[in-house]
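The values are calculated or read from the model by the stated rules, or taken from the named source; none is laboratory data. Bear in mind that the values here come from a model prediction, so they are computed numbers and not experimental data. Cβ sites come from the backbone with ideal geometry, for glycine too, and all protein chains shown count toward neighbours.
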Amino acid sequence: MKPAQLSRCLLLCLAGLPLSGMADAVVLWPERPSTAKEQFEPVPMPPGFQIVVTEQEGPVFADSRGHTLYQWPVRQLRNGPVGERKGQPSCDKTIYTVNSGLMSPYPGGFELPELATRRSCLDLWPPVVAEPGAEPVGKWTIVDRKDGFRQWAYDGYALYTSVLDEKPGQVNGGHSQGAGEVGVRRPVEAPSMVPPQFRVETLLTGRILQTKSNYSVYASTRDGPDKSNCTGACLQEWEPIQAPAYAQARGEFGIIERSPGILQWTFRRQPLYTHIGEPFRKMYGSDEPGWYNVYTQYTPKPPADFTVQESPTGLVLADRSGKTVYMYNCADDALDQQACDHPDSPQVYRYTVCGGGDAKRCLERFPYVQVSNGATSDSLLWTAVWIDPLTGKWASPDQPGALHVWAYRNRPVYTHYRDRAPGDMTADQWGEFYGYRNGYKAFWLRSDFGR
């Protein structure tokens, strides 16, 4: 076994994660993940707003209840733009009955499913109304809507909450990892307190620190607080992240002097480095013994019913038996781009892509990840829910045939019948547009070849 592979195995044991099928396992969560949360800039805000540090997106703007604020910035689909432009909110009371045709290969004009219960954009995305006398503050402005009331905006884009968020800190309405031709709403992230040389990116494992050029940032267990022990041969593989002479400490970011006139950044008193020769957006350096990626905050570990498995191209979340876990993604093609990946939404999209319209066939091909006896979650991201397997809708615990299943952001997760051995992922990108528009994506914790 190579040294890096041995390190993976040892670190996984320390993290308390199962080893089944994991000869080359990599740790993702330390044995005792830091409970520290990402710090944010104390930006000016109008009365009634606040910043909430969420479990995965980090600091986001929220209303007085702590409910996350969202925006819908315009983006280009294959056949035209969708979303809102600055100062021009378009989410209204219209109930659309046909698809728009903005997403090829489907032309517009097909009747949408479940029209009798379809809700309007404003029903799903309540606008953040500006009360009489409210005044703009900094990037917070007020826009006049066509339907007569005034709405708060941030950086020009109108603000909404989501009916899917019921508790402070939930981010069930959208996420910050939108990809491809999907008109998703996005939570409004508050400015992170990081120096200009750095950025923070949201991964399923947490908020990872990168350089402004998107290279992963590392720290070493061999270093001491505010003390770098990387010298000599170490510097052939690891490059200290130098701080300019004019730089100043900022929040949890500090500066040490490596040698006369040579300054180096630290985070929580740990010196920071990049891995020489590593492509951007990769995490290979964490395979080296004693080195780890730097997170401003970790997401909570998934419930005990889940394991981490190594696939040929990275690390995926799996169930207790090692079968890869999949998330279902869906956004319809109406002009208001409603999500269709939630039990409250029509299930016809999912049934079509996973079973040719047959609910029972879908259940056989993509079975739900069920909750084992006594398993619990202390995270807002993971919940145990009851589902009617024949309709895909919510069920009550005493309903005959109801399944007790795990949900991520209140959306059930699945395995796939073709996956046999731990690390198999035959259903990744199953569906339309690589699984982003209407289909399944593996629950990637680390992708070594993709983004």
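Looking only at the range 370-414, count how many residues are assigned to a loop (DSSP other than H, G, I, E, B) and either buried (at least 16 other Cβ atoms within 10 Å of the Cβ) or on the phi < 0 side of the Ramachandran plot (or both).
Within the range 370-414, the first condition is being assigned to a loop (DSSP other than H, G, I, E, B), and the residues that meet it are 371-381, 388-393, 395-402, 409-410.
Right, trim to either buried (at least 16 other Cβ atoms within 10 Å of the Cβ) or on the phi < 0 side of the Ramachandran plot (or both) and you get 371-373, 375-381, 388-393, 395-400, 402, 409-410.
Looking only at that region, the number is 25.
Can you name the residue in the range 243-264 that is more than 27 Å from the chain's Cα centre (by Cα) and under 16 Å from MET193 (Cβ atoms) and, of all such residues, is surrounded by the fewest Cβ atoms within 10 Å (Cβ to Cβ)?
Within the range 243-264, the first condition is being more than 27 Å from the chain's Cα centre (by Cα), and the residues that meet it are 243-249, 254-264.
Now drop any that are not under 16 Å from MET193 (Cβ atoms), which leaves 243, 247-249, 254-255.
On the way: ALA243: 23, ALA247: 15, GLN248: 10, ALA249: 12, GLY254: 20, ILE255: 17.
The selected residue is GLN248.
Taking the condition in contact (Cβ under 8 Å) with a residue 40 or more places away in the chain, under 28 Å from LYS37 (Cβ atoms), surrounded by fewer than 18 Cβ atoms within 10 Å (Cβ to Cβ) and not aliphatic (A, V, I, L, M), does ASP344 pass?
Working: in contact (Cβ under 8 Å) with a residue 40 or more places away in the chain: yes; under 28 Å from LYS37 (Cβ atoms): no; surrounded by fewer than 18 Cβ atoms within 10 Å (Cβ to Cβ): yes; not aliphatic (A, V, I, L, M): yes.
Taking the combined requirement at face value, the residue does not satisfy it.
For CYS354, only one of the following conditions fails: (1) within 27 Å of TRP394 (Cβ to Cβ); (2) out of contact with any Phe, Trp or Tyr (no Cβ under 7 Å at 6 or more places or on another chain). What is its number?
Condition not satisfied by CYS354: (2).
Take GLY322 and decide whether it is farther than 30 Å from GLY83 by Cβ and either touching a His at 6+ places or on another chain (Cβ under 6 Å) or in the same structural domain as ARG119 (by TED's automatic domain parsing) (or both). Full working, then the answer.
Working: farther than 30 Å from GLY83 by Cβ: yes; either touching a His at 6+ places or on another chain (Cβ under 6 Å) or in the same structural domain as ARG119 (by TED's automatic domain parsing) (or both): no.
So GLY322 does not fit the description; no.
Consider only pairs whose beta carbons are under 9 Å apart and that are at least six residues apart or on different chains; among these, list those whose first residue lies in the range 421-442 and is assigned by TED's automatic domain parsing to the domain that holds TYR326 and more than 18 Å from CYS340 (Cα to Cα) and whose second residue is of a type in the set (Lys, Arg) and surrounded by fewer than 21 Cβ atoms within 10 Å (Cβ to Cβ).
Correct list of pairs: ASP424/ARG418; THR426/ARG418; THR426/ARG420; ALA427/ARG365; ALA427/ARG418; ALA427/LYS441; ASP428/LYS441.
Checking LEU263 against (1) out of contact with any strand residue (DSSP E or B) (no Cβ under 8 Å at 6 or more places or on another chain); (2) without any contact (Cβ under 8 Å) to a residue 24 or more places away in the chain, which single condition isn't satisfied?
The one condition LEU263 does not meet is (1).
Which residues, counting only those in the range 48-80, are of a type outside the set (S, T, N, Q) and free of Cβ contacts under 8 Å to residues at least 12 places away in the same chain? Show your work before the answer.
Applying the first criterion (of a type outside the set (S, T, N, Q)) to the range 48-80 yields 48-49, 51-53, 55, 57-63, 65-67, 69-70, 72-75, 77-78, 80.
Correct list: VAL74 only.
Filter the range 61-109 down to the residues that are charged (D, E, K, R) and surrounded by fewer than 17 Cβ atoms within 10 Å (Cβ to Cβ), then identify the one that is farthest from MET45 (Cα to Cα).
First, the residues of the range 61-109 that are charged (D, E, K, R): 63, 65, 75, 78, 84-86, 92-93.
Going one step further and asking which of them are surrounded by fewer than 17 Cβ atoms within 10 Å (Cβ to Cβ), we end up with 65, 75, 78, 85-86, 92-93.
Values: ARG65: 15, ARG75: 27, ARG78: 37, ARG85: 22, LYS86: 19, ASP92: 26, LYS93: 28 Å.
Only one residue tops the list, namely ARG78.
What about GLU131, is it surrounded by fewer than 17 Cβ atoms within 10 Å (Cβ to Cβ), part of a loop (DSSP other than H, G, I, E, B) and modelled with pLDDT of 95 or more? Please lay out each step first, then the result.
Working: surrounded by fewer than 17 Cβ atoms within 10 Å (Cβ to Cβ): yes; part of a loop (DSSP other than H, G, I, E, B): yes; modelled with pLDDT of 95 or more: no.
Spelling it out, it is not the case that GLU131 is surrounded by fewer than 17 Cβ atoms within 10 Å (Cβ to Cβ), part of a loop (DSSP other than H, G, I, E, B) and modelled with pLDDT of 95 or more.
Within the range 140-147, does at least one residue satisfy the condition of being in a strand (DSSP E or B) and surrounded by fewer than 13 Cβ atoms within 10 Å (Cβ to Cβ)? Spell out the reasoning first.
Residues of the range 140-147 in a strand (DSSP E or B): 140-144.
With surrounded by fewer than 13 Cβ atoms within 10 Å (Cβ to Cβ) added as a condition, the list becomes 144.
Taking every residue of the range 140-147 in turn, at least one turns out to be in a strand (DSSP E or B) and surrounded by fewer than 13 Cβ atoms within 10 Å (Cβ to Cβ).
Would you say SER162 is assigned to a loop (DSSP other than H, G, I, E, B), modelled with pLDDT under 95 and small (Gly, Ala, Ser)? Show your work before the answer.
Numbers: assigned to a loop (DSSP other than H, G, I, E, B): yes; modelled with pLDDT under 95: no; small (Gly, Ala, Ser): yes.
For SER162, the condition - assigned to a loop (DSSP other than H, G, I, E, B), modelled with pLDDT under 95 and small (Gly, Ala, Ser) - is not met.
Under 8 Å by Cβ, and 6 or more places apart or on different chains, what pairs join a residue from the range 396-410 that is free of Cβ contacts under 8 Å to residues at least 24 places away in the same chain with one that is surrounded by 10 or more Cβ atoms within 10 Å (Cβ to Cβ) and assigned to a strand (DSSP E or B)?
Once the first residue is free of Cβ contacts under 8 Å to residues at least 24 places away in the same chain and sits in the range 396-410, its partners that are surrounded by 10 or more Cβ atoms within 10 Å (Cβ to Cβ) and assigned to a strand (DSSP E or B) give SER396/TRP386; PRO397/TRP386; PRO397/HIS404; GLN399/TRP386; ALA402/TRP386; ALA402/ILE387.
If you go through the range 265-292 one residue at a time, how many are surrounded by fewer than 20 Cβ atoms within 10 Å (Cβ to Cβ) and either within 21 Å of the chain's Cα centre (by Cα) or not small (Gly, Ala, Ser) (or both)? Lay out the reasoning, then the answer.
Of all residues in the range 265-292, those surrounded by fewer than 20 Cβ atoms within 10 Å (Cβ to Cβ) come to 268-269, 274, 276-282, 284, 287-290, 292.
Keeping just the survivors that are either within 21 Å of the chain's Cα centre (by Cα) or not small (Gly, Ala, Ser) (or both) gives 268-269, 274, 276, 278-282, 284, 287-289, 292.
The qualifying residues number 14.
Return yes when ASP333 is charged (D, E, K, R), outside the structural domain of ARG119 (by TED's automatic domain parsing), under 17 Å from the mean Cα position of the chain (by Cα) and within 30 Å of PRO73 (Cβ to Cβ) and no when it is not.
Details: charged (D, E, K, R): yes; outside the structural domain of ARG119 (by TED's automatic domain parsing): yes; under 17 Å from the mean Cα position of the chain (by Cα): no; within 30 Å of PRO73 (Cβ to Cβ): yes.
No: the conditions fail for ASP333.
Output yes when any residue across the range 318-325 is among the hydrophobic types (A, V, I, L, M, F, W, C) and surrounded by fewer than 22 Cβ atoms within 10 Å (Cβ to Cβ), and no when none is. Give the steps one after another, and end with the answer.
Here is the first cut: in the range 318-325, the residues among the hydrophobic types (A, V, I, L, M, F, W, C) are 318, 325.
Restricting the remaining residues to those that are surrounded by fewer than 22 Cβ atoms within 10 Å (Cβ to Cβ) gives none.
Scanning the range 318-325, I find no residue that is among the hydrophobic types (A, V, I, L, M, F, W, C) and surrounded by fewer than 22 Cβ atoms within 10 Å (Cβ to Cβ), so the answer is no.
Please indicate, with yes or no, whether at least one residue in the range 353-369 is in a strand (DSSP E or B) and either assigned by TED's automatic domain parsing to the domain that holds PRO279 or without any contact (Cβ under 8 Å) to a residue 60 or more places away in the chain (or both). Talk me through it step by step, then tell me what you get.
Here is the first cut: in the range 353-369, the residues in a strand (DSSP E or B) are 368.
Now narrow it down to the ones that are either assigned by TED's automatic domain parsing to the domain that holds PRO279 or without any contact (Cβ under 8 Å) to a residue 60 or more places away in the chain (or both): 368.
Checked the range 353-369: at least one residue is in a strand (DSSP E or B) and either assigned by TED's automatic domain parsing to the domain that holds PRO279 or without any contact (Cβ under 8 Å) to a residue 60 or more places away in the chain (or both).
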